[in-house]
Amino acid sequence: MGCSAGLISIDLVKDLLQAHPNSYALVISTENMTSSWYVGNNRPMLIPNCIFRVGGAAILLSNRSSDRQRSKYQLLHTVRTHKGADNKSYNCVFQQEDEVQKSAVTLSKDLMLVAGEALKTNITTLGPLVLPMSDQFLFFATFIARKFLKMKMIRSYVPNFKMAFQHFCIHPGGKAVLDEVEKRLELTEWHMEPSRMTLYRFGNTSSSCLWYELAYSEAKGRIKKGDKIWQIGFGSGFKCNSAVWIARRAIDPVKEKNTWSDEIDELPEVADFID
């Protein structure tokens, strides 16, 4: 399942915990580069070798009432979008062999377009769950006008997700992916900082990336009680998945260490490497 497996597993665990009360579930997200490492000479096929890095994260989930007070976050929503029925989406991230039968994962030039369309479909489902009624009305009014009334001159309304979420964890598949999401959701540099810093420091660690980003916000002391976090994962298929969390308490970066803690004050500013 690749990059999108992290949030797919969270959605699976959500269903399992609903069926098994008073239980724990442990999700392990990691990247195994061995199976997809390319050793041939086809230059376009070498791109994944440059993007992906080894990384991992473990997430413990519980539905025990006794864990409510000490839990960091509560899962509110999961939304999964799969565009595999469309040939362009299906082929944009694909494993195939080169002329000497060496296999590799190839990335299509249509990747950014496909990712944008998958994100649009995903937020169409997620929007009614998280947006204020005023934004929902404007979004669906323009959607109906363009889709059914064929009023193409009306610009698609982009909901202000900054009103619904305080933090964004966007899969750092590459600079172009982050630029596209930033443009489509009209986010600020501050909102994009965890994603860009994760790409800069750790690279694309596949399904575990989103947890590195959340850990970055924790190490910065940004997570306050009641804050909502939107995790957005992309992956082959093509898939776009979302998970929405709410912080049950403020995260103290001094007391709760993570992988960023020892270097958070020494990292460069995002503006120093964003270009």
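The values are calculated or read from the model by the stated rules, or taken from the named source; none is laboratory data. Bear in mind the structure is a predicted one, so any value in this text is a computation, not a measurement. Note: ideal-geometry Cβ built from the backbone for every residue, glycine included; neighbour counts use all protein chains shown. In case anyone asks, the SASA skips ligands and DNA or RNA and just uses the protein heavy atoms, side chains included. Shrake-Rupley method; radii C 1.70, N 1.55, O 1.52, S 1.80 Å.
For the chain, with all protein chains present and a 1.4 Å probe, just round the carbon and sulfur fraction of the accessible area to a whole percent.
Result for the chain: 54 percent of the exposed heavy-atom area is carbon or sulfur.
Can you pull out the GluC sites (Glu not before Pro) in segment 182-255 that DSSP calls coil and that have at most 14 other Cβ atoms within 10 Å?
Sparse-neighbourhood loop GluC sites (Glu not before Pro): GLU186.
Where does segment 1-147 land on Rg(C-alpha)/(2.2 N^0.38 Å)?
1.36
Pairs LYS72/LYS255; LYS14/LYS72; LYS120/LYS147; LYS162/LYS183; LYS150/LYS239; LYS72/LYS120: which exceed 22 Å Cα-Cα? Please list the in-between numbers first.
On the way: LYS72/LYS255 13 Å; LYS14/LYS72 16 Å; LYS120/LYS147 14 Å; LYS162/LYS183 13 Å; LYS150/LYS239 27 Å; LYS72/LYS120 29 Å.
In this structure, LYS150/LYS239; LYS72/LYS120 lie more than 22 Å apart at Cα.
Assuming 0.36 nm per residue, please report the length gained on full extension of the stretch ARG184 to ILE154 beyond their Cα-Cα distance. Display every interim value, and only then the final one.
Details: separation 30, 0.36 × 30 = 10.80 nm, distance 1.65 nm.
Answer, rounded to one decimal: 9.1 nm.
Could you tally the net charge around GLU189, taking each other residue with its Cβ under 11 Å from the Cβ of GLU189, Lys/Arg +1 and Asp/Glu -1? All intermediate terms of the calculation are to be shown ahead of the outcome.
Numbers: positive: ARG196; negative: GLU182, GLU193, GLU269.
So the surrounding residues net to -2.
Across 5 Å bins from 0, what is the distribution of all Cα-Cα pair distances for segment 212-260, in whole percents?
In whole percents, the pair-distance histogram is 5, 20, 24, 19, 15, 9, 6, 2, 0.
Using R₀ = 25 Å, calculate the FRET efficiency as 1/(1 + (r/R₀)^6) where r is the Cβ-Cβ separation of CYS50 and ASN91; round to 0.05.
It comes out at approximately 0.75.
Could you check the simple spin-label distance between GLU256 and ALA145, using points 7 Å along Cα→Cβ, in nm with one decimal?
Using points 7 Å along Cα→Cβ, the separation is 4.3 nm.
What's the Kirkwood radius of segment 71-168 in Å, using all Cα pairs?
Mean inverse Cα-Cα distance, inverted, gives 16.4 Å.
Using a 1.4 Å probe on the protein heavy atoms only, what accessible surface does THR259 show? Give it in Å² to the nearest 10.
Rounded to the nearest 10, that gives 80 Å².
Compute the FRET efficiency between SER103 and HIS82 as 1/(1 + (r/R0)^6), taking r as their Cβ-Cβ distance and R0 = 30 Å, and round to the nearest 0.05.
Efficiency at R0 = 30 Å is approximately 0.80.
Is segment 103-258 best put as rounded, prolate or oblate by its Cα gyration tensor, with a ≥ b ≥ c the root eigenvalues, rounded for a/c under 1.5, and otherwise prolate when a/b is larger than b/c, oblate when not?
Values: a/c = 2.44, a/b = 1.30, b/c = 1.89.
Judged from the Cα gyration tensor, segment 103-258 comes out oblate (a/c at least 1.5, b/c at or above a/b).
Hand me the chymotrypsin sites (Phe, Trp or Tyr not before Pro) from segment 133-232 located in a DSSP loop with no more than 13 other Cβ atoms within 10 Å, in residue order please.
PHE148
If you wrap a convex hull around the alpha carbons of segment 1-61, what volume per residue comes out, as a whole number of Å³?
80 Å³
Using a Cα-Cα cut-off of under 17 Å, which aspartates and glutamates could be cross-linked to LYS109, ignoring same-chain neighbours fewer than 8 residues away?
Candidates past the 8-residue exclusion: ASP86, GLU117, ASP179, GLU180.
Could you work out the relative contact order of segment 170-213, using alpha carbon pairs under 8 angstrom and six or more residues apart, expressed as a whole percent?
That works out to 51 percent.
Is the shape of the chain rounded, prolate or oblate, going by the alpha carbon gyration tensor and its root eigenvalues a ≥ b ≥ c, with a/c under 1.5 for rounded and a/b larger than b/c for prolate?
Note, shape of the chain comes out rounded.
Starting from 0.36 nm per residue, how many nanometres of slack lie between LYS228 and PHE137 once their C-alpha separation is accounted for?
Going from the current span to full extension adds 30.6 nm.
Report relative contact order for the chain in percent, whole number only (criteria: Cα-Cα under 8 Å, sequence separation at least 6).
27 percent
Can you tell me what share of the DSSP beta bridges in the chain is antiparallel? A percent to the nearest 5 is fine. Can you show the working numbers first?
Working: 29 of 34 bridges.
Looking only at bridges with both residues in the chain, the antiparallel portion is about 85 percent.
Assigning unit charges at the beta carbon (Lys, Arg +1; Asp, Glu -1) and nothing else, what dipole magnitude in debye, to the nearest 20, does segment 70-146 show about its Cα centre?
420 debye
Helix-only estimate, please: 222 nm mean residue ellipticity of the chain, summing -39500 (n - 2.57) across DSSP H runs of length 4 or more and dividing by its residues, to the nearest 500.
-11000 deg cm²/dmol
Taking square-rooted eigenvalues a ≥ b ≥ c of the alpha carbon gyration tensor, is segment 188-245 rounded, prolate or oblate, where a/c under 1.5 means rounded and, failing that, a/b exceeding b/c means prolate?
oblate
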